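Report on the following structure.
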Amino acid sequence: MLKMASNKILIRIFNSGHELRYSPTILRQGMPNKLSIIGAGNVGATVAQCCLFNNLGSVVLLDKDERIAKGKALDMCHAAALHEHRFSIKGTAEYADTAGSDVVIVTAGVARRPGMSRNDLLGINAKIVEEVTRAAVRHSPDAVLIIITNPLDIMCQVAWKASGLPPARIIGMSGLLDSSRMRYYIAEAAGVIPATVEGLVLGEHGDSMAVLTRLATIGGVPASKILDAEKLAEIRYRTAHGGGEIVDLLGYSAYYAPGSAAAEMAGAILSDSHSTYPCSVYLTGQYGVEGIFMCVPARLGARGVEGVIELDLTDNEKNQVATTVRNLRELLALLPA
Ligand code: APR
């Protein structure tokens, strides 16, 4: 009886696109969480689906191609009963529909094809990210932005400039994905469940990232106690080139893991969890780096980046970070002033 009554309330609330949810964000604003995803391609649609699976809030999926956005949103609506979605999704090409978003996730852009590096996308994606960020922020000036479009760290810089927001509100989805790849490879080699493996990466979301297998743990035990140096070196290589491996297999870029990682970060922001994730954030001297976005462990909450955790690195790791910073600065120099 009680269950039926609450279901009725749920249906009524779902239809109006609203539901009470006990997160600090909701209690503060008296409104349900709202997420807007710009770009309804492979990555954008997967982010949307993960946000619905995780019941993070109502989702707006925007694409310049309205039919794609509407079609994918309707397809997800058709799965709502099966997955017990508690929030609505709307497909659109109108930025007005994104108004008042708590989190805006930018995936619009061109994805790489075999033989391309993420950096080959720089010119075209910079224009797209600039345009969509301006439009999204005009309607959601209080949002935290999660950037996924590649080359990721550079697109964070573009989005920051275009948005006029404090840099703490621009976060790149990079290291959570890369470290998740590393955790999988370690788990596979050790014969354990990936969720029991912890670890992180630093630097560029690209081939020069520093994959810190030295700090990885399996059930709290250093991975180096379980896997030999040769295996760990192989894992570092496969992690740094994990995206490329998928492009070679599929002919286009990854989206299941990127979508999952972005939804996880959005959840941390919306619930003001203060969780630490490796992600691309604006550095102001941490790790000896200033004025660029790069992946480091950062604490995330309702206002975006709350702080950066500085790790003691070996000389070799410091050299890797120096290489990655050099690469990023070279790429930044290619952006129009
Ligand atoms: N405004 C809105 N949407 C746009 C715009 C724009 N100006 N430009 C492109 N898009 C949309 C496209 O219409 C397309 O639906 O962005 C979507 C991109 O989708 P895909 O081509 O499937 O690319 P995807 O695999 O989702 O990758 C998107 O994420 O991981 C990164 O490297 C990847 O930069 C790429 C981005």
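The values are calculated or read from the model by the stated rules, or taken from the named source; none is laboratory data. Everything numeric here is computed off the predicted structure, so don't read it as measured data. Note that each Cβ is placed from the backbone with ideal geometry, even for glycine, and that neighbours are counted across all protein chains shown. Ligands, DNA and RNA are stripped out before the accessible areas are found, and what is left, the full protein with its side chains, is counted by its heavy atoms. Shrake-Rupley method; radii C 1.70, N 1.55, O 1.52, S 1.80 Å.
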Query raised in the report: Within the range 74-120, which residues are of a type in the set (G, A, S), closer than 17 Å to A159 by Cβ and either more than 16 Å from the ligand (Cβ to nearest atom) or open to solvent by 30 Å² or more (accessible area, probe 1.4 Å) (or both)?
Result: G109
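Okay, residues lined up against (1) in contact with a Phe, Trp or Tyr (Cβ under 6 Å, 6 or more places away or on another chain); (2) away from the ligand (no atom under 14 Å from the Cβ); (3) assigned by TED's automatic domain parsing to the domain that holds I146; (4) assigned to a loop (DSSP other than H, G, I, E, B):
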site: E245; (1), (2), (3), (4): no, yes, no, no
site: G259; (1), (2), (3), (4): no, no, no, no
site: A268; (1), (2), (3), (4): no, yes, no, no
site: Y287; (1), (2), (3), (4): no, yes, no, no
site: A298; (1), (2), (3), (4): no, yes, no, no
site: E310; (1), (2), (3), (4): no, yes, no, yes
Report summary line: Going through the range 36-66 in order, the residues found to be more than 11 Å from the ligand (Cβ to nearest atom) and hydroxyl-bearing (S, T, Y) are S36, S58
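Just one of T92, T98 is within 20 Å of the chain's Cα centre (by Cα) and not assigned by TED's automatic domain parsing to the domain that holds H241; which is it?
One residue alone meets the criteria, T98.
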Requested in this report: Looking at (1) hydrophobic (A, V, I, L, M, F, W, C); (2) touching a strand residue (DSSP E or B) at 6+ places or on another chain (Cβ under 8 Å); (3) not in a strand (DSSP E or B), find the lone condition where A322 falls short.
Outcome: (2)
Query - Test result for S224, hydroxyl-bearing (S, T, Y), more than 20 Å from C51 (Cα to Cα) and open to solvent by 50 Å² or more (accessible area, probe 1.4 Å) - result: yes
**Report entry** Residue count for the range 298-328, restricted to those that are within 16 Å of C156 (Cβ to Cβ) and open to solvent by less than 50 Å² (accessible area, probe 1.4 Å)
**Finding:** 8
Query - Flag for G219 being at positive phi and either in contact with a helix residue (DSSP H, G or I) (Cβ under 7 Å, 6 or more places away or on another chain) or hydroxyl-bearing (S, T, Y) (or both) - result: yes
